[in-house]
Each structure stands twice: as C-alpha cells, then as structure tokens.
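Each reported figure results from applying straightforward, stated rules to the coordinates on display, with no laboratory input. Bear in mind the structure is a predicted one, so any value in this text is a computation, not a measurement. When we count neighbours, we look across all protein chains shown, and the Cβ atoms used for this are built from the backbone with ideal geometry, even at glycine.
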Amino acid sequence: MNEKKINSFVQFYPYYLSEHSKPGTKLLHFIGTLLVIINLIAFIFYFNFTYLMLAPISGYGFAWFSHFFIEKNKPATFKYPIYSLRADFVMFGHIILGKIKIFNN
C-alpha cells in the first residue's frame, strides 16, 4: 500500500478529521481532551502528580476506546503522535467554537 507521507500539520488535520467521522468518536475525544485539561489544571493547582498521570490516561483512554469500538479504525496517534495530540486540542477548540458539530443536526 503506497500511503502518502504527511509532512505538516496542515496536511495532517484533514486526514485526522476524516478518521473522526462518527458523532460518538468526536464526543469521546471532546470528553477525553476536557479531562486532560482539567487534570493539568488540577496538577498546577494542587501539585499532586496523580493528576499529571491521569491526564494522558483519560485523554487516550476515551480517544482509543472511540477508535476501537465506535470508529473501528486505528488511532492516528500510533503513526503521527505529535500531530495527533495537537489535532485533539484543535478539534476540541473547533467544537467549542461551533466550527465542528458533534451531532449533525
């Protein structure tokens, strides 16, 4: 299979969005990213390393569950970890701003 190599975030983000086509996937990514943010804020506020450990567990846990059981594809994190992490936060922001709808109403 000759898969085109992605060399920039601008190239990656449309691919990322195509891998997140189902509402449940977007919703679980949104929840996971929100929990990452909450855990990072709690770590800064309380300086308790438990929150720091919970951040990636909650983020990846929700995201990977959605890929394996809802979207039924392989998470982009496995091939493009940095772009994927950035895209999680970009998509989160786009959902908050209404640029991306979780549920297509």
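Just going by the charge dipole of segment 9-97, with Lys and Arg at +1 and Asp and Glu at -1 on Cβ, which of Ile82, Tyr15, Phe65 is farthest out on the positive end?
Comparing the listed Cα positions along the dipole, Tyr15 ranks first.
Just His67, His29, His94 to compare: in a GNM of the chain, with alpha carbon springs under 10 Å, which one fluctuates most?
The residue that fluctuates most here is His94.
Please state the relative contact order of the chain as a whole percent: Cα pairs under 8 Å, 6+ residues apart?
Result for the chain is 32 percent.
What is the spin-label model distance, in nm, from Ser18 to Leu52 if the labels are put 7 Å beyond Cα along the C-beta direction?
3.9 nm
On a 20 Å Cα-Cα criterion, which of the cross-link pairs Lys26/Lys74; Lys5/Lys72; Lys26/Lys99 come out too long? Intermediate results must be reported in sequence, preceding the final value.
Numbers: Lys26/Lys74 15 Å; Lys5/Lys72 22 Å; Lys26/Lys99 13 Å.
Long pairs (Cα-Cα over 20 Å): Lys5/Lys72.
Could you please report the charge total around Thr25, scoring K, R as +1 and D, E as -1 over all other residues with beta-carbon less than 15 angstrom from its beta-carbon?
Working: positive: Lys22, Lys26, Lys72, Lys74, Lys101; negative: Glu19, Glu71, Asp88.
That sum, taken over residues with Cβ under 15 Å, equals +2.
Do any trypsin sites (Lys or Arg not before Pro) in segment 2-105 lie in a DSSP loop with no more than 10 other beta carbon atoms within 10 Å, and if so, which?
Working: sites: Lys4, Lys5, Lys26, Lys72, Lys79, Arg86, Lys99, Lys101; in loops: Lys4, Lys5, Lys72, Lys79, Lys99, Lys101.
Hits after loop and neighbour filter: Lys4, Lys5, Lys72, Lys99.
What's the angle, to the nearest 10 degrees (0 to 90), between helix 49-66's Cα axis and the longest principal axis of the chain?
Approximately 30 degrees, to the nearest ten.
To the nearest 10 degrees, how steeply does helix 23-46 sit against the main Cα axis of the chain, on a 0 to 90 scale?
30 degrees
If you compute semi-axes √(5λ) of the Cα gyration tensor in Å for the structure shown, which of (i) 24, 16, 13; (ii) 20, 16, 14; (iii) 34, 15, 8 do you land on?
Matching the structure shown: (i).
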